[in-house]
Amino acid sequence: MASWQAHFISLLLRTTFKPRLAKALEAADARRLLESGAAHKVPDDLDVQPGEVAGIPGEWVVQHGSAPRANLLHLHGGGYFACSARTHRPYTCFFAAQGFRVFAPNYRLAPEHPFPAAIDDAQHVYLSLVRSLGGAQALVVTGDSAGGGLTLALMQRLREAQQPLPAAIALFSPWTDLATTGPSAIENEASCSMFVSEAIRRGAAGYLGGADALHPHASPLYADMRGLPPMLVHAAEREAMRDDSTRLVERARAAGVDVHFKLWPIVHHDWQMFQPFIPEARESLTMASAFLRAHVAQAAVATAAAAEAPAPHVARNAAPDVEVCIVGSGFSGLGMAIRLERAGIGSFCVLEQHGEIGGTWRDNTYPGCTCDIPSHLYSLSFAPKTDWSRMYPTQPEIRAYLHDCVARFDLAKRIRLNTRLEHAAYDEASGLWTVQTSGGSFSARFVVSAIGGLHRPAIPALPGIESFAGPSFHSARWDHTLDLKGKHVAVIGTGASAIQFVPQIAAQVAQLDLYQRTAPWVLPKLDRAIGPREQWALRHVPLYRTLWRWRLYWRQEMLAFGFAVKPQLLDRAKKMGLRLLRKQVPSEELRAQLTPSYQPGCKRILISNDYFPTLTQPHVKLVTAGIREVRPHSVLTDDGVERRADVIIYGTGFQATNTLGPLRVTGRGGVRLDEAWRGGMHAYYGTTVPGFPNFFMISGPNTGLGHNSVIFMFEAQIGYVLDCIATMRQRGLRTLEVRAHVEADHNEALQHRLRRTVWATGCRSWYLDANGRNVTLWPGFTFDYWRRMRRIDWRAYRTQAGPV
Ligand SMILES: Cc1cc2nc3c(=O)[nH]c(=O)nc-3n(C[C@H](O)[C@H](O)[C@H](O)COP(=O)(O)OP(=O)(O)OC[C@H]3O[C@@H](n4cnc5c(N)ncnc54)[C@H](O)[C@@H]3O)c2cc1C
């Protein structure tokens, strides 16, 4: 017999919650509904702390004053599109009270982050916990509803990658079949207190984002169950997802997995969420705790013998696992890898946190994404491509070029995909770096950070932004599953990306409102196709190819005169920009709104031939009033006008002034790089930092450009790093570290020069940090930077002899 409390809450859910969920067609509505009333009272003896594991935020829950018996990772439910560690405190608090040290991550949610983002996050968190615990034997994983499916998907991932599995797992009403093929979806539709099958299908489609519902990581019911850890499964007899559990148990048992299963009467889907009210919920969680604890104890006994082996000791002159660890596989990381490979320094690896190489040009897939530097200049000089199809390369062509570089230089064997650097720590005794990644730890003599500067999207802190009910995304996370046809679309921002995608989407949408804070300077784009004859000559006549590149280089470089020497010289650019406006925008009023009020170059100058004409179309509105508030279905501006918005697209750029972002780098004496950079980032020629021996950066502070190809700058830095490594090997030097006073003098001189440039003429740009310091751009000619980086000034460095 079920308790009256279980009856009562099931009835309440069936009459109030279920009909509202069935009608919530938009993810945001369903999200609000699922998250409403999530106010679990934390018992006094527990401590809930916000925290981060592997850069993923979440909550730690522990009991005061008692040593935890084991560690528990809880993956919350919510259909992959809703809920958080906070909403799921009924689980985490219960387990903490049972003696577990609990972490619940806020993994990324769909539809903004569809499959497999949640699994990626869960895996990163899990592996980081394993590392910090020194193994998986004292770790268990639990999950409810979608979190149960996610737990199983995580197990598949770990087993496939031969990574350590936890001591046991516990699943509560797990959602294991996104294809919704179980008979209970129909049979129990009426009796289920929470779902109609249509709502389940809708949730699945939102998470899958076009992926196959039968993919074993999306629907782990269809996965190979062999070798999974012992599992406890609790489900409800009359819930629509009952057969997600019954079939799972059947298949897991057939595959030889140790399964403890119980089907509970009356109670509803995920009833343990109501543990303060329903006795069955507490009973279920108590059973699960006992099961998990028993398996942790067994695992501990099983691994005790292995633990008696002597602890690894890094000897003073130990050889590293790899000589060089490069972090990042964009232009700079791949460029570094090619040069190391060609120099015969074969012991290196490239870490890439995602499943594909390419950096910027993998992430930015928005319509019309192109580069504003000519193709033959925006490529590596030591990996030339002669058949660029246009003067300015498009994103797919650059992406293909980078893949081609990997194949041409046989780099695939060096690249570790899906491997995120989590912590690089310098060990003074051995002179080596301990590199902790999401895929395990190793030692390296040199670490080269090539993580780029523009990879963390900036979303403005607009009032009410979280209340928006429709889909919204940043241009660097374009949602290709969303059909913009006939929609009212609000685009926020008029930077380099927005001016490229606005003309592309304008033709599809019913209404496009473009919210502009500052008008950009836009110049004509001298783009054209490169014909077969030119391509032939570029391939077969090396001198022609060299001259072509030089011509492009000097055309761009001339701009540096205006940017860094005499801003008044940019008057010509100003005239060109105004002429383009006059030619393409007949309306005087619109022209006035599109005319910038600052010096060209102070913010990045943009190039486009179709941006202005797009803004003259009747269904496109340039809005210059400030945004007062984002509402669920509209945007309200300071002039009191409210405009409908079905979709919001943020073309608001990147967080560029702290490029390392969440990367953890600990140097000599335990000093962390983020602490050393608390007052703003700085480095010696953007490449080396005092206190961080044998650590290099490519595209570090003050190496960006406003006028020419950054690839030229990358190549100068790559050559410098290679020279450091090669010379150290020749001279028998073990470590190299820039002297603090040299680096400080260098930066003072740099900031002094920057004060006279166009970037200091008063506009607000992403080149400046919170203190108004320009920490992103090189203040001069690129050939000057190249000249300074051509030879190492060894007086700037402290070195230490020793075997290399
Ligand atoms: C939309 C857009 C347009 C641009 N257009 C231009 C242009 O027209 N002209 C121009 O000169 N520049 C342009 N840029 C700048 C562009 O970023 C650089 O030109 C260049 O591509 C940067 O290359 P990178 O290798 O340094 O960094 P990225 O391309 O950002 O690559 C860094 C790589 O490091 C990986 N990574 C990061 N952290 C970790 C970690 N912890 N562990 C493992 N891997 C990690 C990332 O996943 C990524 O693959 C543009 C940038 C953007 C975003």
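The values are calculated or read from the model by the stated rules, or taken from the named source; none is laboratory data. Quick caveat, the model's predicted, so the values are computed rather than measured. In this analysis, Cβ positions are derived from the backbone assuming ideal geometry, glycine residues included, and neighbour counts consider all displayed protein chains. Just the protein is used for accessible areas: all its heavy atoms, side chains included, with ligands, DNA and RNA removed. Shrake-Rupley method; radii C 1.70, N 1.55, O 1.52, S 1.80 Å.
Quick one: which residue in ARG672, ARG644, ARG664, ARG668 is surrounded by fewer than 20 Cβ atoms within 10 Å (Cβ to Cβ), under 23 Å from PRO471 (Cα atoms) and either touching a residue at least 12 places away in the same chain (Cβ under 8 Å) or within 16 Å of the ligand (Cβ to nearest atom) (or both)?
After ruling out the rest, the residue left standing is ARG644.
Filter region 13-45 down to the residues that are open to solvent by less than 80 Å² (accessible area, probe 1.4 Å), free of Cβ contacts under 8 Å to residues at least 12 places away in the same chain and within 12 Å of SER193 (Cα to Cα) and list them by number.
THR16, PRO19
Residue-by-condition table, conditions (1) open to solvent by 10 Å² or more (accessible area, probe 1.4 Å); (2) modelled with pLDDT under 75:
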residue	(1), (2)
PHE277	yes, no
LEU285	no, no
GLU308	yes, yes
HIS313	yes, yes
ILE326	no, no
LEU334	no, no
ARG339	yes, no
ARG342	yes, no
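Take ARG579 and tell me if it is open to solvent by 20 Å² or more (accessible area, probe 1.4 Å) and either within 18 Å of MET391 (Cα to Cα) or in contact with a His (Cβ under 6 Å, 6 or more places away or on another chain) (or both).
No; evaluated as a whole, the condition is false for this residue.
Do you know which of the residues in region 375-399 that are under 21 Å from the mean Cα position of the chain (by Cα) and open to solvent by 40 Å² or more (accessible area, probe 1.4 Å) is farthest from ASP527 (Cα to Cα)?
ARG399
Please give the number of the condition TYR515 fails out of (1) aromatic (Phe, Trp, Tyr); (2) under 21 Å from PRO374 (Cα atoms); (3) open to solvent by less than 60 Å² (accessible area, probe 1.4 Å).
Unmet condition: (2).
Could you check how many residues of region 156-173 are surrounded by fewer than 24 Cβ atoms within 10 Å (Cβ to Cβ) and either assigned to a loop (DSSP other than H, G, I, E, B) or in contact (Cβ under 8 Å) with a residue 60 or more places away in the chain (or both)?
So the answer is 8.
Which residues, taken from region 346-369, are under 26 Å from PHE654 (Cβ atoms), assigned to a loop (DSSP other than H, G, I, E, B) and either more than 11 Å from the ligand (Cβ to nearest atom) or not hydroxyl-bearing (Ser, Thr, Tyr) (or both)?
Within region 346-369, GLU352, GLN353, HIS354, GLY355, GLU356, ILE357, GLY358, GLY359, ASN364, PRO367, GLY368, CYS369 qualify.
If you scan region 533-545, which residues turn out to be surrounded by 13 or more Cβ atoms within 10 Å (Cβ to Cβ) and either hydroxyl-bearing (Ser, Thr, Tyr) or in a helix (DSSP H, G or I) (or both)?
Result: GLU534, GLN535, TRP536, ALA537, LEU538, ARG539, TYR544, ARG545.
Which one of LEU13, LEU72 is closer than 30 Å to PRO166 by Cα and not basic (Lys, Arg)?
After applying the criteria, what remains is LEU72.
Take the residues in region 767-797 that are touching a strand residue (DSSP E or B) at 6+ places or on another chain (Cβ under 6 Å) and modelled with pLDDT under 90; name whichever of them is surrounded by the fewest Cβ atoms within 10 Å (Cβ to Cβ).
Per the criteria, the residue is LEU768.
ASP372: in a loop (DSSP other than H, G, I, E, B) and either loosely packed, with under 15 Cβ neighbours inside 10 Å or among the aromatic types (Phe, Trp, Tyr) (or both), yes or no?
no
Take the residues in region 675-726 that are assigned to a loop (DSSP other than H, G, I, E, B) and hydrophobic (A, V, I, L, M, F, W, C); name whichever of them is surrounded by the most Cβ atoms within 10 Å (Cβ to Cβ).
ILE698
Quick check on my filter: what residues within region 59-82 are of a type outside the set (A, V, I, L, M, F, W, C) and modelled with pLDDT of 90 or more?
Residues satisfying the conditions are GLU59, ASN71, HIS74, HIS76, GLY77, GLY78, GLY79, TYR80.
Taking the options LYS603, LYS574, name whichever one is out of contact with any strand residue (DSSP E or B) (no Cβ under 7 Å at 6 or more places or on another chain) and either assigned to a helix (DSSP H, G or I) or among the small types (Gly, Ala, Ser) (or both).
Checking each option against the conditions leaves just LYS574.
When you go through TRP521, TRP548 one by one, which is the residue that is hydrophobic (A, V, I, L, M, F, W, C) and over 25 Å from VAL623 (Cα atoms)?
Being hydrophobic (A, V, I, L, M, F, W, C) and over 25 Å from VAL623 (Cα atoms) holds for just one of TRP521, TRP548, which is TRP548.
How about region 326-345: which of its residues are charged (D, E, K, R) and within 6 Å of the ligand (Cβ to nearest atom)?
Hits for region 326-345: nothing passes.
State which residue is nearest to TYR515 (Cα to Cα) when the search covers only region 433-465 and only residues that are open to solvent by less than 10 Å² (accessible area, probe 1.4 Å) and within 20 Å of the chain's Cα centre (by Cα).
The extreme case among them is ALA450.
Return the residues of region 332-382 that are among the aromatic types (Phe, Trp, Tyr) and more than 18 Å from ILE698 (Cα to Cα); say none if nothing qualifies.
Correct list: TYR366 only.
SER84 passes all but one of (1) in contact (Cβ under 8 Å) with a residue 60 or more places away in the chain; (2) hydroxyl-bearing (Ser, Thr, Tyr); (3) surrounded by fewer than 22 Cβ atoms within 10 Å (Cβ to Cβ); which number fails?
(1)
So, in region 588-612, of the ones that are free of Cβ contacts under 8 Å to residues at least 60 places away in the same chain and either open to solvent by 50 Å² or more (accessible area, probe 1.4 Å) or touching a Gly at 6+ places or on another chain (Cβ under 6 Å) (or both), which residue ends up nearest to ALA507 (Cα to Cα)?
Filtering first and then ranking leaves ARG591.
Among the residues of region 228-244, is there at least one that is in a loop (DSSP other than H, G, I, E, B), among the aliphatic types (A, V, I, L, M) and out of contact with any Phe, Trp or Tyr (no Cβ under 9 Å at 6 or more places or on another chain)?
yes
Would you call GLN800 over 29 Å from ALA560 (Cα atoms) and either of a type outside the set (Asp, Glu) or open to solvent by 20 Å² or more (accessible area, probe 1.4 Å) (or both)?
yes
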